Amino acid sequence: MVTEKASVNEQILLIEGAGCASCVGKIEKALNHVAGVEQAAMNFAQRSVTVTGDVAAQHLVDAVEAAGYRAKLVEQSESELFAEKEKADQLYYRRLMKNMAIALALGVPMMLYGMVIGDMSIDTTPKRVGWFIAGLLTLAVMYTAGRHFYLSAWNTLRHHNANMDTLVALGTGTAWLYSMVVVLMPDLFPAQARHVYFEASAMIIGLINLGLALEVRARGRTSEAIKRLIGLQAKTARIVKGDDEIDIPVEHVQVGMLVRVRPGEKIPVDGVVVEGKSTLDESMLTGEPMPVAKTPSDELYTGTFNKSGTLVFKASRVGKDTALAQIIGLVKKAQNAKPSIGRLADTISGYFVPTIMMIAVLSALAWLNFGPEPSVAFAVVSATTVLIIACPCALGLATPMSVMVGVGKAAEAGVLIRNGEALQTSSKLTTIVLDKTGTLTQGQPRITGIYPVDDLAKSEVLRLAASLEAGSEHPLADAVVASAKDAGLSLSNVHDFHAVIGQGVSGVVEGHRLLLGNKRLMAENQVETEALQREADDLAAQAQTPVFFAIDGNLVAVFAIADPLKSDTLAALERLRRDGLKIVMLTGDNTATAAAIAEKLSISEFYAEVQPSDKSQYVQQLQAQGERVGMVGDGINDAPALAQADVGFAIGTGTDIAMESADVTLMRGSLHGLADAIEVSRATLGNIKQNLVGAFIYNVAGIPIAAGVLYPIAGILLSPVVAGAAMAFSSLTVVSNANRLRFFKPSNR
């Protein structure tokens, strides 16, 4: 797998006071200017910032506060943090709904009065008194239900910034102030301009609070994948101490403790089986539906479900070191990641609020100078409507909401997407390069035949070859050694052992110089292979790997080693082709064997006898031809090619996945996971584009209408109340569209 590691110095801050997408750039900029910070990335949807670098937490908090916001360092465990965040969201939701009720309780009657009576002008003393009382009540609503908008606007203004709350505060404040001046000093205005807009201020505050509340409710659904993963964690563990067994909180389990798990219980921590047999359901971590048999020396992973027998295992990883804890961390990190398309939206949002304020001023000036009477009233309405309708909330939510849901869907399918760029690039891949061993095949070769030159006993040939291979970690070596052990053969010590990458091994056993490997190894050591070449060719044609064995420079046998294809490889490749992807196979195996496997799998393009160090060159060649390349591999020898590819997909299981770093990791080791990853990434990117296009169209189309471009044509001037409702529900539309991804199903499901 790729060996790039995530920084160990990573801190997460929860942000308060961030009202819209324009806040993201300001907060990230403030943190990135702190000495020692390598990178700061904010997720507006979660209101959190992930900071990488060697820096004190207090310096980060101070930087955020200096920018006009509030920050809190996350120090709890994942489950505690999630529970606290859910509780905080519920309290925030209830507060927003209360604010909405207060504002609409005043705003709706006033709006209905205006619609039914149709007279909100100031032309008599009783009306002045009545509207003065209405103005005071509206001020009370602004102080209670809308207070958070004004405090946030003032706070950002003190730090020379502006955000969504600035627009809301200016819009509602302008409408209220104009109305109050009309009530107190009506003679300053012509008769037709003596119109009040108290209902607009109250209604806007109520509708925006409602929109925020619905956004919070919908936003909570995007974290369901994390919630389910956290829910896999057991609360207690049964510790075995001699003849006694006691239940303790899982947080108190230490490495080395013996833990008993009974049928129907979750595995509380990672460990290794020391006693018992059972089958486990690991689908919640790997996406693999088939139960997995567990016997002594097998590994167990936190959160998996014990189905049948009783097991006693030794704890090997606890707390944040468990596979589940690390997977949760990786998923959360990926959900916080920001693809380039999202960074573009943040950049635009950074200039958006000041631009809108300028447009509002220009709109007001245009109405004052060129509009019909009452020009002052028209100017106030147009400026207020522009300020309200243009709040860039939807723009800020467009990317992070989709990323959160998409990464969660991938995790449910047993796919860990490590970063936002991989999520975006995976959707654009045109070619998939596959390593053979362990990717297309099971990675568990076995000897299917031994063909000696003379009448040499096959058992003796196997014993010597296994003695030599005992010093190797190659999968083919495992096959030879396993066969010897199954036959009950005793192995001798090997001396002067040497592994030749991509060729085979050599060494001295019982005083004889042994060579075991491919034809290239034999040729470089002047060993003739003609005597067994026909057998070797026949084996290769049957998709079996011929491995030559020589003693003291003389060929004595050829081994037939087969690595069976994974049962679902063919179906997965067909699925990838249906998704429009070109398939290329790379292997260090000989050409005949590679050709036989390629034929079985209908792979038209393959490269055989490829040295591990040369795999990246083939990836480069494809990229030079204009292909977007995804590389799939399962070993450290694939690392250069994985790094070179546009997206590297690592095949692995369990803890290896949580420990290693790759662009995307397929936890269950099936190529269906690769297809899942690509299909989820395409669906996610499509969803992001829908959100961004919708948000841009909403603002681009809404601002001119709010400014009054339709008035000369159709006599239409948008009401600030309508603008407030549209702004509030635009965010809800984006969040709801992102949540549609929760129902996305890959093509094979």
*From the list ALA88, ALA153, ALA140, ALA162, which residue is among the small types (Gly, Ala, Ser) and more than 22 Å from GLU16 (Cα to Cα)?*
ALA140
*Selection status of THR166, surrounded by fewer than 17 Cβ atoms within 10 Å (Cβ to Cβ), of a type in the set (Val, Ile, Thr) and modelled with pLDDT under 85*: no
*Which one of these does TYR301 not meet: (1) modelled with pLDDT of 80 or more; (2) in contact with a Pro (Cβ under 9 Å, 6 or more places away or on another chain); (3) buried (at least 24 other Cβ atoms within 10 Å of the Cβ)?*
(2)
*Hits in region 468-490 - residues which are in contact with a Ser or Thr (Cβ under 7 Å, 6 or more places away or on another chain) and more than 25 Å from GLY502 (Cβ to Cβ)*: ALA487, LEU489
_Residue satisfying all of: in region 139-152; closer than 10 Å to THR172 by Cβ and part of a helix (DSSP H, G or I); most open to solvent (accessible area, probe 1.4 Å) among these_ = TYR150
_Cβ pairs under 7 Å, 6+ apart, first in region 26-42 and open to solvent by less than 90 Å² (accessible area, probe 1.4 Å), second hydroxyl-bearing (Ser, Thr, Tyr)_ = ILE27/TYR69; ALA41/THR50
*For region 1-25, name all the residues that are surrounded by fewer than 22 Cβ atoms within 10 Å (Cβ to Cβ) and modelled with pLDDT of 70 or more.*
ASN9, GLU10, GLN11, ILE12, LEU14, ILE15, GLU16, GLY17, GLY25
*asked:* So VAL527 ticks every box in (1) out of contact with any strand residue (DSSP E or B) (no Cβ under 6 Å at 6 or more places or on another chain); (2) open to solvent by less than 80 Å² (accessible area, probe 1.4 Å); (3) in a loop (DSSP other than H, G, I, E, B); (4) over 25 Å from LYS615 (Cβ atoms) but one. Which box is left unticked?
replied: (1)
_Every residue from region 345-381 that is polar (S, T, N, Q) and modelled with pLDDT under 85_ = THR347, SER349, THR355, SER375
*Within region 541-565, work out how many residues are within 42 Å of the chain's Cα centre (by Cα) and either small (Gly, Ala, Ser) or at pLDDT 85 or above (or both).*
3
*Check PHE549 against each of (1) outside any helix (DSSP H, G or I); (2) farther than 21 Å from ALA457 by Cα and name the one condition it does not meet.*
(2)
*Within region 50-72, which residues are among the small types (Gly, Ala, Ser), in contact with a helix residue (DSSP H, G or I) (Cβ under 8 Å, 6 or more places away or on another chain) and not in a loop (DSSP other than H, G, I, E, B)?*
ALA63, ALA66, ALA71
*asked:* Would you confirm whether or not region 113-127 contains a residue that is without any contact (Cβ under 8 Å) to a residue 40 or more places away in the chain and within 20 Å of LEU212 (Cβ to Cβ)?
replied: no
*The listed residue being farther than 29 Å from ALA398 by Cβ, among the aliphatic types (A, V, I, L, M) and modelled with pLDDT under 80, out of ILE117, ILE133*: ILE117
*In this structure, does LYS582 turn out to be touching a Leu at 6+ places or on another chain (Cβ under 8 Å), open to solvent by 10 Å² or more (accessible area, probe 1.4 Å) and basic (Lys, Arg)?*
no
*Output the number of residues of region 195-253 satisfying the condition of being at pLDDT 85 or above, part of a loop (DSSP other than H, G, I, E, B) and open to solvent by less than 30 Å² (accessible area, probe 1.4 Å).*
1
*Out of region 269-293, which residues are under 31 Å from the mean Cα position of the chain (by Cα), modelled with pLDDT of 90 or more and open to solvent by 10 Å² or more (accessible area, probe 1.4 Å)?*
VAL272
*Residue by residue through region 704-721, note down the ones that are out of contact with any helix residue (DSSP H, G or I) (no Cβ under 6 Å at 6 or more places or on another chain) and modelled with pLDDT of 75 or more.*
PRO704, ILE705, VAL709, LEU710, TYR711, PRO712, ILE713, ALA714, GLY715, ILE716
*Just one of ALA63, ALA71, ALA67 is open to solvent by less than 30 Å² (accessible area, probe 1.4 Å), modelled with pLDDT of 90 or more and more than 19 Å from the chain's Cα centre (by Cα); which is it?*
ALA63
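The values are calculated or read from the model by the stated rules, or taken from the named source; none is laboratory data. Bear in mind the structure is a predicted one, so any value in this text is a computation, not a measurement. A quick note on method: Cβ atoms are made from the backbone with ideal geometry, for glycine too, and the neighbour counts reach across all protein chains shown. Quick note on the areas: whole protein, heavy atoms, side chains included, nothing else; ligands and nucleic acids left out. Shrake-Rupley method; radii C 1.70, N 1.55, O 1.52, S 1.80 Å.
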